[in-house]
Amino acid sequence: MSKALNKHRKKFTLRKWGLAIVVAGLVLISLALSVMIWLSVGKNTGARNTAGVKQDKQLVSAKAIENLYDFSQVVMQDDDHARAIRDYRGLSNRLIKRVTHWRVRTASVKEVSANAYVKALEKPGNVVLIYPDHVAGEIVQKRLNQVMGLPSAAKIDRIQLPLKGRGQLRLFDDVNRKIYQSEVIKGQALASLMSDKEATTPVHYQWFAKSKRVQTVYENPLKMHKKNYLINTLSMDTVLASAFPGRDISPTIRENDDQTIYTGQNARQLIVDKKTDAIQYINFDHDIKQKRLDFQQNKAYETLDTLQQMNENLYYFDEADRGQQLGYRLYVNGLPVFNQAGSIGALSQVKSTGHRQVVTYARRSVTVPLPDAREGVVTLPDSNKAYQVLTKAGYQKDAIQNMTPGYVWVDSNDGQYASLQPTWFIKYQDQWATLADLKKQGHHKEDAK
């Protein structure tokens, strides 16, 4: 009996150890699979483990670089006058879709006088696609899906397309008054894409010598609706995962008055303003040997994409210092949105200085329009009357660098939505301000005298 008992004990012991080995093996396999999945997710999404943070879904839409640097106006050049198309984005996409199938020759270039430059723009039988500011030739060729020998670093402000699908395709460089001209060998006409039902506004072009650019002058008052939009706020989890990607060590956190400062191990820093939600992203290891516009615009695009700032309605707005300072704004109904005082809600800005890249952007963006029967209609004065307001306030007309209708973002009392109010925006001394604000400041200056 004792032998039988010992034999039974040995079997039980073997079973116990065998079970323990099996369980241990399963645990190890489970751990290994977890690690593999974690590494795979980190590699594929660029996300990192930020103190147990998980990414949420965001209302952003990645877009091609040529769609970020897109047009801000479309003007029809008829026999007698020019007309700006109000709803231009759909039309410009239809026009470009057809132009991609054109056969064109290599472009030639010529530099002309200011008068000849404006006359070339006003030539009838064409449609003009206008950029908000200079766009690099490389990106322009991508947008047209054409190879026409345009220099990669060329600064293009306007594209003139012949409506008949034959003749000259011209690209205009305002600052240098250069016209790149490419003959259309064969192309389907564009006139059929235009509709008589398109809402239009009569305009003409005017050269401003001080800013070295052409202005589109609106000849009639502009009627615009106020708009209300829901606000989407990017979660801090997503902000951190985008700024410190991969398997970087979690950033150190430091509180400094109204700021929270995150410092990573990858030469990157994130500064968040607690009051305004404005974010400043600093990359201390930013190295662009070339200061050309095409390099700067490409690099800024990559950075905005990494930071998940490629919103559906975010577009390029302006540039300075050969592209080392680039501005991007939210657009609504084809017009730019400007911030209210103290808010960063509508603007993203990319600056490059030496080995440092600084990106200022917001966690907040407008998303869904709200139906509101109380939306009012605002009538903006025509361009010439707006200029008269400025000159009476003491400003020289030729000192005005740029001028555009747009919306000012005003937060609701509860912060749930933004009210977008139409007004004229003026660029003066490298700063944008509303027409009303400049008028007020001008009177103060006169009173001081």
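The values are calculated or read from the model by the stated rules, or taken from the named source; none is laboratory data. As the structure is a prediction and not an experimental result, all values here were calculated from the model. Glycine gets a Cβ as well: all are built from the backbone with ideal geometry, and neighbour counts include every protein chain shown. Areas reflect the complete protein model, heavy atoms only, side chains present, ligands, DNA and RNA absent. Shrake-Rupley method; radii C 1.70, N 1.55, O 1.52, S 1.80 Å.
Find how much the distance from Asp79 to Gln441 grows on full extension, using 0.36 nm per residue of separation minus their present alpha carbon separation; answer in nm with one decimal. Let's see the in-between values first.
Values: separation 362, 0.36 × 362 = 130.32 nm, distance 4.17 nm.
Taking 0.36 nm per residue and subtracting the Cα distance, the gain is 126.2 nm.
Between Asn413 and Ala189, what is the label-point separation in nm under the 7 Å Cα-to-beta-carbon projection?
5.8
How do Asp273, Asp87, Asp70 rank by accessible surface area computed with a 1.4 Å probe, from largest to smallest? Show your work: numbers first, answer last.
Numbers: Asp273 45, Asp87 115, Asp70 15 Å².
The ordering from most to least exposed comes out as Asp87, Asp273, Asp70.
In the range 286-372, if the dipole is taken from +1 on Lys/Arg beta carbons and -1 on Asp/Glu beta carbons about the Cα centre, which of Thr353, Val368, Val332 is farthest to the positive end?
Checking the options against the dipole of the range 286-372, the answer is Thr353.
What is the distance, in nm, between label points placed 7 Å from the Cα along the Cα-to-Cβ direction at Val109 and at Asn266?
Going by the 7 Å Cα→Cβ label model, 3.7 nm.
Give the distance, in whole Å, between the Cα centre of the range 221-242 and the Cα centre of the range 103-121.
39
Please list the radius of gyration and Dmax for the range 296-378, considering alpha-carbon atoms only, with Å as the unit.
Computed over the Cα atoms of the range 296-378, radius of gyration and Dmax are 14.5, 51 Å.
Along the Cα-to-C-beta direction of Lys223, a point sits 7 Å from the Cα; which residues of the range 410-436 have their amide N less than 15 Å from that point?
none
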